[in-house]
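Values quoted throughout were computed directly from the atomic coordinates according to the rules given, and no laboratory measurement underlies them. On a predicted model such as this, the values are computed, not experimentally measured, just so you know. With ideal geometry, Cβ positions are generated from the backbone for all residues, glycine too; neighbour counts draw on all protein chains shown.
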Amino acid sequence: MNFVVRELSDLAPVHGALVALSRVNSAHVDIEAEARLPHARFWVASPTSDDEPVAYVLVWLVGDEIEIIDVATAVTQRRRGAARALLSTLLDAYGSAGRKAAFLEVRAGNVAAIGLYLGLGFERTRVRRGYYSNGEDAHEMYLALPRVSVSPQRTEHAANAPSVTASNGAKP
């Protein structure tokens, strides 16, 4: 399946969808507070440029690195490649823009997410014992940028906002 992936310059048109997606994993992400941070960026994936986002990523730009703060896909849209397309596109974009590394933490029990990140080239760097409020461990993961990968085909929105059409990488 293909997705339109884009970095948001204006959250207002998709605010409700972002809030709903941010609550898929937990209620701790405050979209409004994050949007006010100068280093925070939101990326979304949609089936078409006119559709609501089915996945989102919140990243912080810190020096020459990116910190992936939250990744969420609508429960009904999981296992269709939206998160892979979204992460692949943003990692390639930031790598091309001179960022040197990406970091994230993931719940030790989130086997699907760990598999996704490993498939994108991330490496586990350490375990943070009792990292989450329920006592669950976290895996810290690292990826050197730029990645060696094939870039997706770039397209333009009707409103001239740059976007990327990305495929989930499945064979037809």
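Can you sort 122, 3 by how many other beta carbons sit within 10 Å, fewest first?
Numbers: 122 24, 3 30.
The fewest-first ordering by Cβ neighbours comes to 122, 3.
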Cα gyration tensor shape for the chain, rounded if a/c is under 1.5, else prolate or oblate: rounded
Ranked from highest to lowest mean number of other Cβ atoms within 10 Å per residue, what is the order of the peptides 67-75, 35-43, 128-136? 67-75, 35-43, 128-136
Could you check the spin-label model distance between residue 144 and residue 2? Points 7 Å from the Cα along Cα→Cβ, value in nm. 3.4 nm
Relative contact order (percent) for the chain, with alpha-carbon contacts under 8 angstrom and 6 or more residues of separation? 23 percent
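In what order do 66, 31 fall by count of nearby beta-carbon atoms within 10 Å, going from fewest to most? Provide the component values of the computation, followed by the final result.
Working: 66 26, 31 21.
Fewest-to-most Cβ neighbours within 10 Å comes out as 31, 66.
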Subtracting the Cα-Cα distance from 0.36 nm times the residue separation, let me have the gained length for residue 105 to residue 49 in nm, one decimal. 17.2 nm
In the chain, what percentage of the DSSP-assigned beta bridges are antiparallel, given to the nearest 5? 90 percent
Cα→Cβ-extended label distance, 7 Å offset, between residue 123 and residue 39, nm: 2.4 nm
For the chain, what does -39500 (n - 2.57) per DSSP helix run (n ≥ 4), summed and divided by total residues, give at 222 nm, in deg cm²/dmol to the nearest 500? -7000 deg cm²/dmol
Can you compute 3J(HN,Hα) from phi for each residue in segment 9-23, using the Karplus curve 6.51 cos²θ - 1.76 cosθ + 1.60 with θ = phi - 60°, rounded to whole Hz and x for Gly and Pro? 9, 9, 7, 3, x, 10, 3, x, 5, 5, 4, 4, 5, 5, 8
How large is ³J(HN,Hα), in whole Hz, for each residue of segment 101-111 in order, when computed from phi with the Karplus curve 6.51 cos²θ - 1.76 cosθ + 1.60 and θ = phi - 60°, using x for Gly and Pro? 7, 10, 10, 7, 10, 9, 4, 4, x, 8, 4
Amide H proximity to residue 145 below 5 Å, modelled H, separation 5+ or other chain, gives 101, 102
